[in-house]
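Everything below concerns the one structure shown next.
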Amino acid sequence: MLALEKVGKTYPNGVHALERFSAEIKPGEIVAIIGGSGCGKSTLLRAIAGLDRASTGTVTLDNAVITAPHAKIGIIFQEPRLLPWLSVADNIGFGLSDLPADVRREKVAQALARVGLADKAKAWPRELSGGQAQRVAIARALVPQPEVLLLDEPFSALDAFTRRDLQDHLLDLWNDTRPTLILVTHDVDEAVVLADRVLVMRPRPGRLFEAIRINLTRPRDRSSPLFENFKRHVLTSLDRSLDRNVPDADPKTVAGEAMWW
Amino acid sequence: MTMSAELPVTLERADTTAAPPPSARLLRYARPALGLLLPVGLALFWELWVALGYSNGRLVPPPTKIFATVMELAKSGELSRHIAATVTRVAAGFGLGVAAGTILGAVSGYWGVVRQLLDPTVQALRAIPSIAWVPLFILWLGIFETSKVALIAVGVFFPVYLGVMGAILSVDRKIVEVGRIFRLSGPAMIRRILLPAVLPAYVVALRVGLGLGWMFVVAAEFMGASEGLGYLLIDGQQLGKPAQIVAAIVIFAILGKTTDWLIELATAPLLRWQDAFGRQGGAA
C-alpha cells in the first residue's frame, strides 16, 4: 500500500508547487494524475520516487517512509533516458547488476522478448526509434519487478499511433505482475484508457481537485459510449478545476471513499 | 535469433563492405589521398624549383636533401638516440600531467567544495605562460631531465584538468537521475554513469594535452639539452644546417601525428556508441 499523507512541496525559490496532497493507492491499482500545467503533477511523482524530498507530509510504501529512491519503486520518464554507451540489452539489465551474470542475461532476454525487441539486443540506443526506445525504458523499469511503477508523461513525446500501441502494451505488461501504476499525464484519453482512478489536480498551489473512479472492464473500447462518458466527466472536472470560481471540493464528500483526508 | 540480433551491425556496414561499386572503392582510397595532395605537391614543386636552378636551396633545402640528412643521422645511430630522448620526455611528462589533471579535474568536477577551493588557484596558475616556469624549474629541479619533464607535465596538466572538470559538470542531470533511481553508490555512479559520459570529452582533452606536450618538449629541449629533437633544432641553427632543422621539424610532425592517431585508435572502440555529426564524416 502506497500512502501519501499531506504531501507538500515548496521549492527554494519560493514556488509553492504542491499542497497537502493525500491519497492511498492499493497494490495493483492504476492511478492517473491529470491536471493543467503547474499543478504539481511531476513534483508529486518525483516525491514518490524519492528523487526530491517533500517539504511537508510523508510518502510511505508498506509503512516505510520514502526519502530516497527505493528498490521497489521504479520510474519511467517522458524521455527514455537510455544510457547511450550501453547496448539495448545492457540498458535493460542496468538495474540488475547485483545478480549473477547468467541470471541477468536470462531476465534481460525475457524482458526484450516481452517488449518485442529481441532482435535489437545488441543495438545502440541511437539506432532505435522513439517508440522502441521508450519500450526499452519500460523494460528497464519493469525488469527489477518493482511494486510501484511511476510514469511521468511517458508517451507524450510519441506520435498518436505509437502512443496507443504503447498504452495497450503497458497494460499487457502490467497484467504479468500487476504492480501499482501511477501515471502523470495530460492526455484525458490516456487517463481513461489506463486508470482505475483518475485524480484531477488544480494549480497554484498544486492540490487535489477531484477523484474519478473509472468503472470499466479491461480491455476498454475507446469508442464505446461509456468510455466517452468517462472522458467527458474527466474533461468537465478539468475545466472546473481551472475555474477560480469553483471552490475546492470538500474531500470527504468526493467519491465517498476513505482514500481522502 | 542470432542472425536477427546481428542485423543492426550488418546494416551499418552494408555501405562499406557489401561489394561497393568501383567508383565507391576509388573514393574510399581517394579520401586520404586528398589530404596528401597539398604537402606532396608543394614538396615536388620545391624539388623541381631547386633542380631547375631557380633557387640555390641553401636556406630552404629541397626534400631530397632533407631526406639525405635524415638518412645520414639514422645511419650513425644519432637519430634514434635523439628520438628516444624526446619521446621518453614527452611520455613521462604526458603521463604525469594526465594523471594529475585527471585526478584533480575529476575531484573538482564532482565535489563543489573542492572546486571552490581549488579551481581559482588552478585558473590563476593557468594564466601564467608556461614558458615562464622555465627559470624557476631549472633552479628548483636542475638543468637535467627533471625540469624538462616537469615543464611538459605542466603543459599537459591544464587542458586535461579543464576537460575533465568541464565534462563532469556538463553531464546530463537526467542521466544522473537514472543512476539515482537504481540507487547507485558514489563510486558506482562515477564508474557506471560519469566516466562513460565524460569519455568523449576526455579523449579530446588527452589529444589537446598531447599536442601541448609535443610543443613543450621543444621549449624544454631548448634549455641546455645535449640530445633530443629540440637539441637538433638548436644545433642546426648554431651550425647553419637548415636541412637538419627541417628534418627535425618533419620528424616532430610525424611523431605528433602518430601519437595522436594512436590515442584515437585506442579509444575508438570505447566511443562506438556516439551519435555524432563527425561519425558520418561531417558535411561533404
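The values are calculated or read from the model by the stated rules, or taken from the named source; none is laboratory data. Since this is a predicted model, take the numbers as computed values, not measurements. All Cβ positions, even for glycine, are placed from backbone atoms using ideal geometry, and neighbour counts span all protein chains on display. Just the protein is used for accessible areas: all its heavy atoms, side chains included, with ligands, DNA and RNA removed. Shrake-Rupley method; radii C 1.70, N 1.55, O 1.52, S 1.80 Å.
Here are a few things to note about the model shown:
- Test result for A:Val7, within 23 Å of A:Gly131 (Cα to Cα) and among the hydrophobic types (A, V, I, L, M, F, W, C): no
- Test: residue in the range B:97-117 that is under 22 Å from B:Ala225 (Cα atoms), out of contact with any His (no Cβ under 8 Å at 6 or more places or on another chain), assigned to a helix (DSSP H, G or I) and small (Gly, Ala, Ser): yes
- Qualifying residue in the range A:33-41 (condition: in a loop (DSSP other than H, G, I, E, B), touching a residue at least 24 places away in the same chain (Cβ under 8 Å), open to solvent by less than 50 Å² (accessible area, probe 1.4 Å) and facing chain B (nearest Cβ under 10 Å)): no
- Residues satisfying the stated conditions in the range A:174-205, i.e. touching a Lys or Arg at 6+ places or on another chain (Cβ under 7 Å), modelled with pLDDT under 90 and closer than 24 Å to A:Ala111 by Cβ: A:Val193
- Condition check for A:Ile48: at pLDDT 85 or above, open to solvent by less than 10 Å² (accessible area, probe 1.4 Å) and in a strand (DSSP E or B): no
- Taken together, the criteria exclude B:Ala253 from residues that are at negative phi and buried (at least 20 other Cβ atoms within 10 Å of the Cβ).
- Selection of the range B:246-275 for residues being touching a residue at least 40 places away in the same chain (Cβ under 8 Å) and within 14 Å of another protein chain (Cβ to nearest Cβ) yields B:Thr267, B:Leu270, B:Leu271, B:Gln274.
- Test for A:Gly57: is it surrounded by 17 or more Cβ atoms within 10 Å (Cβ to Cβ) and at the interface with another protein chain (Cβ under 8 Å from one of its Cβ atoms): no
- Meets criteria (within 19 Å of B:Arg180 (Cα to Cα) and either of a type outside the set (A, V, I, L, M, F, W, C) or touching a His at 6+ places or on another chain (Cβ under 8 Å) (or both)) for A:Gly74: yes
- Count of the range A:76-115 residues, restricted to those that are open to solvent by 40 Å² or more (accessible area, probe 1.4 Å) and without any contact (Cβ under 8 Å) to a residue 40 or more places away in the chain, is 15.
- In the range A:126-140, the qualifying residues are those that are in contact (Cβ under 8 Å) with a residue 12 or more places away in the chain, open to solvent by 20 Å² or more (accessible area, probe 1.4 Å) and within 12 Å of chain B (Cβ to nearest Cβ), and the one that is nearest to A:His70 (Cα to Cα) is A:Gln132.
- Subset tally (residues that are part of a helix (DSSP H, G or I) and closer than 20 Å to A:Asp165 by Cβ) for the range A:188-235: 9
- Residues in the range B:47-66 that are among the hydrophobic types (A, V, I, L, M, F, W, C) and open to solvent by 60 Å² or more (accessible area, probe 1.4 Å) were compared, and the one that is farthest from B:Val250 (Cα to Cα) is B:Leu52.
- Among the residues making up the range B:1-60, those that are more than 14 Å from every other protein chain (Cβ to nearest Cβ), at pLDDT below 70 and not in a helix (DSSP H, G or I) are B:Ala18, B:Ala19, B:Pro20, B:Pro21.
- Within the range B:169-204, the residues that satisfy the criterion of being within 8 Å of chain A (Cβ to nearest Cβ), among the aliphatic types (A, V, I, L, M) and closer than 17 Å to B:Thr267 by Cβ are B:Ala197, B:Leu199.
- In this structure, A:Val143 qualifies as open to solvent by 10 Å² or more (accessible area, probe 1.4 Å), farther than 21 Å from A:Ser37 by Cβ, among the β-branched types (Val, Ile, Thr) and within 17 Å of the chain's Cα centre (by Cα).
- Condition check for A:Pro154 on (1) out of contact with any Phe, Trp or Tyr (no Cβ under 6 Å at 6 or more places or on another chain); (2) more than 29 Å from A:Val193 (Cα to Cα); (3) part of a loop (DSSP other than H, G, I, E, B): one failure, at (2).
- Considering the conditions (1) within 14 Å of another protein chain (Cβ to nearest Cβ); (2) within 23 Å of the chain's Cα centre (by Cα); (3) assigned to a loop (DSSP other than H, G, I, E, B); (4) of a type in the set (Gly, Ala, Ser), A:Ala123 is excluded by exactly one of them, (2).
- Scanning the range A:172-206 for residues that are within 17 Å of A:Ile25 (Cβ to Cβ) and of a type outside the set (S, T, N, Q) yields a total of 16.
- Of everything listed in (1) under 19 Å from the mean Cα position of the chain (by Cα); (2) outside any loop (DSSP other than H, G, I, E, B), the single unmet condition for A:Ser241 is (1).
- Selection count where residues are hydroxyl-bearing (Ser, Thr, Tyr) and either farther than 23 Å from B:Val87 by Cα or out of contact with any Leu (no Cβ under 8 Å at 6 or more places or on another chain) (or both), scope the range B:106-152: 4
- The range A:97-120, residues that are touching a helix residue (DSSP H, G or I) at 6+ places or on another chain (Cβ under 6 Å) and at the interface with chain B (Cβ under 9 Å from one of its Cβ atoms): A:Ala118, A:Asp119, A:Lys120
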